[in-house]
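Heads up, the thing below is written out as structure tokens.
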Amino acid sequence: MKKILLLFSALALSAGVQAQVVLNIMSPSSLQGGLTHSNNGAVAGWGLADLLDPADAVLDTVVVMDDSTAGINTLVGTDPNTGNAYPGIPLKYEGCNLDTNSAWQTNRLNGKIVLIARGTCEFGLKVYLAEKAGARAVIMFNRDNAGLNAAPGVYGGLATIPFAMVARPDGDNLLNAILNGQTVVAFLGNKIGAFPNDMSISPAEAVYPPALAVPGMLAMDSTDFKMKLGFWGRNDGSANQSSVVASVTVKRGTTTVYSMSTASFPLNSGDSSYISFPPFQLNGYPLGAYEVNYNLTAGTDDFPLDNNIDFATVINDSLYSYARVDPATLDALDNNSYQSSSFTSSWGMCINFQHPNASRSLLKGVRWAAWSNTDTILGRTVDVSVDGWYDSFTDLNDPNCAVTNTSPLALDTYTYTTNAQDQLVSHYFTAPIELDDNQRYIVCINSSDQTLYLNHSGAVAYQLNDQMAGEQPRELVRSDNSWFVRGFSGNVIPTMQLILEQNTSGVGEEVYYDIKPFPNPAQQLVTIDLGGFDARSLEVVDLTGALVLRQDQVNAVDGKAVVDVTALPNGAYVFIAKGADRDVKFNVVVSH
């Protein structure tokens, strides 16, 4: 049964039962909680296709693999906390010993979850051998601090037990606890009904902003950029709940710029509700990360790992991205490599770019990351293409949404001059490309290399957004001459980034003014170089849109005006210089 909780607006959406496959450490108390992981369902080809069937769930004691193999595997990653290499991993923990007479294959693993280290042999063989030795499930840990979708290889199709892949730190924690004599108990599988009190939000059932990195020139006010907000809340527990509360907050730094909560409402076991919040919108967006938190609570929760979803949109100088970025470096946060499985000559990883004020910007270049399943990416080539997209349709759900009418704007070849595996690289066009308002553009990285994979993110994939009226395509995939306007079926988004710059030439009669406040941040007085703009008055609003300061007359000397901000609390503000026929906005930070 589903309910639509229309808190603030009416919205028709659909949602199926969202299975929650989790890896949860039940004991000891020092390790209790859910672990981030991938599992059988992440890659096709495993004997157990996925863990969505609750009957496949496993709750049992975890033991350490020990197949008696001597030696140490020194092929390890780097600890990001220390900058040093992780310690080598004993080969006996890798579970690659094919000797069927070994003691490890005839005892200790019966009815247990076995902890296995990555290395030496393929993932599928490890799981298959563990199953042959009686294991009920496998937890595998990576050699570095990264997630990984494990491929089945030759033997994975023969393995029919659940497995999970975790990062090195989580694996080390489990390993050390077991070696120190603690009893570790884990739950792996679909958690629906497994715990009495268990509210959940799925990343696949949340609404996200139009993009997660947006240049300030395309986020000047709420007509440029606003965040729709909402999510499906579910009661995955076996107990009915009477006092569920849903909430959302948006913070810029330590300042909360948006906060909204529902009144408490009931939600029975197995039920779900869609909670819609008013959009988050500002009169202006100072540069920085706008961190969003969705929360669903009913008081006590036996599995709190999925009560929250956190993400951020980063307003920055020049980069546009649908995928998550690091607020400090703007690098992509996720590196999952994908390739079209059906291409014979070439394929393209593409995004659609469209903005009502795109003409303010020029497309200067593109950033992306790739990975080769050989030892090096050095010398490999890709083609970078930009096309105008002229098919007529209203949104992604329009039957006419297709790629049949395009016009080429750029086609360049990029050659890797370094072994930049999984690293963002940039290509700049010979001349920046002028963009038109509301025009769709398809930007692609194209490859004919069967060993080359292009990087995507699955952390935010816009599945719920895509059901909504007016939503435009984001990811597209080209396989030879066929186009797929919804991208890959795995609900991933390219980590590709567009490099934009200000279009200072203007469009038609439009004139751009380079207004520069200094110092910025300001303590007492801020001097504003108006850049030739004839400001008649000045307004200052905070990030909630409240008017906090007004000057009915601007007294400029040599094109510069001085504003006293002593009375304003520390924080970010939007200054609005009002002229005879237009307003110009700019951002000032006050820090006393």
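The values are calculated or read from the model by the stated rules, or taken from the named source; none is laboratory data. Computed from a prediction, not measured in an experiment: that's the story for all the values here. So basically every Cβ, Gly included, is an ideal-geometry build from the backbone, and we count neighbours across all protein chains shown.
Points worth noting:
- Those strands (runs of 3 or more DSSP E) of the range 127-203 in which at least 1 residues are in contact with a helix residue (DSSP H, G or I) (Cβ under 7 Å, 6 or more places away or on another chain) and without any contact (Cβ under 8 Å) to a residue 60 or more places away in the chain, considering only elements entirely within it, cover 137-141.
- Where strands (runs of 3 or more DSSP E) sit wholly within the range 513-575, those with at least 1 residues that are of a type in the set (S, T, N, Q) occupy 525-529, 537-542, 547-551.
- Some residue of the range 126-139 being surrounded by 22 or more Cβ atoms within 10 Å (Cβ to Cβ), under 25 Å from the mean Cα position of the chain (by Cα) and under 19 Å from ASN73 (Cα atoms): yes
- Whichever residue in the range 402-447 is touching a Phe, Trp or Tyr at 6+ places or on another chain (Cβ under 8 Å) and small (Gly, Ala, Ser) and, among such residues, is surrounded by the most Cβ atoms within 10 Å (Cβ to Cβ): SER447
- Those residues of the range 331-347 which are at pLDDT below 95 and either on the phi > 0 side of the Ramachandran plot or outside any loop (DSSP other than H, G, I, E, B) (or both), in sequence order: ALA332, ASN336, SER337, TYR338
- Pick from the range 65-78, criterion surrounded by fewer than 17 Cβ atoms within 10 Å (Cβ to Cβ) and in contact with a strand residue (DSSP E or B) (Cβ under 7 Å, 6 or more places away or on another chain), ranking: nearest to ASN336 (Cα to Cα): THR78
- ASP326 meets the conditions (1) without any contact (Cβ under 8 Å) to a residue 24 or more places away in the chain; (2) within 28 Å of VAL207 (Cβ to Cβ); (3) out of contact with any Leu (no Cβ under 7 Å at 6 or more places or on another chain) in every case but one. The failed one is (3).
- Taken together, the criteria place THR249 among residues that are surrounded by fewer than 20 Cβ atoms within 10 Å (Cβ to Cβ) and touching an Asp or Glu at 6+ places or on another chain (Cβ under 9 Å).
- Being without any contact (Cβ under 8 Å) to a residue 60 or more places away in the chain and in contact with a Ser or Thr (Cβ under 9 Å, 6 or more places away or on another chain) is true of LEU378.
- Residues that are more than 27 Å from the chain's Cα centre (by Cα) and more than 22 Å from VAL485 (Cβ to Cβ), drawn from the range 382-417: ASP412, THR413, THR415, THR417
- The selection criterion, being modelled with pLDDT under 95, β-branched (Val, Ile, Thr) and either in the same structural domain as PHE353 (by TED's automatic domain parsing) or touching a helix residue (DSSP H, G or I) at 6+ places or on another chain (Cβ under 7 Å) (or both), holds for ILE309.
- Of all positions in the range 279-302, none carries a residue that is surrounded by 21 or more Cβ atoms within 10 Å (Cβ to Cβ), assigned to a strand (DSSP E or B) and of a type in the set (D, E, K, R).
- Restricting attention to the range 560-589 and to residues that are buried (at least 21 other Cβ atoms within 10 Å of the Cβ) and out of contact with any Asp or Glu (no Cβ under 9 Å at 6 or more places or on another chain), the residue that is nearest to ASP534 (Cα to Cα) turns out to be PHE586.
- Boolean, VAL154 is out of contact with any strand residue (DSSP E or B) (no Cβ under 9 Å at 6 or more places or on another chain) and among the aliphatic types (A, V, I, L, M): yes
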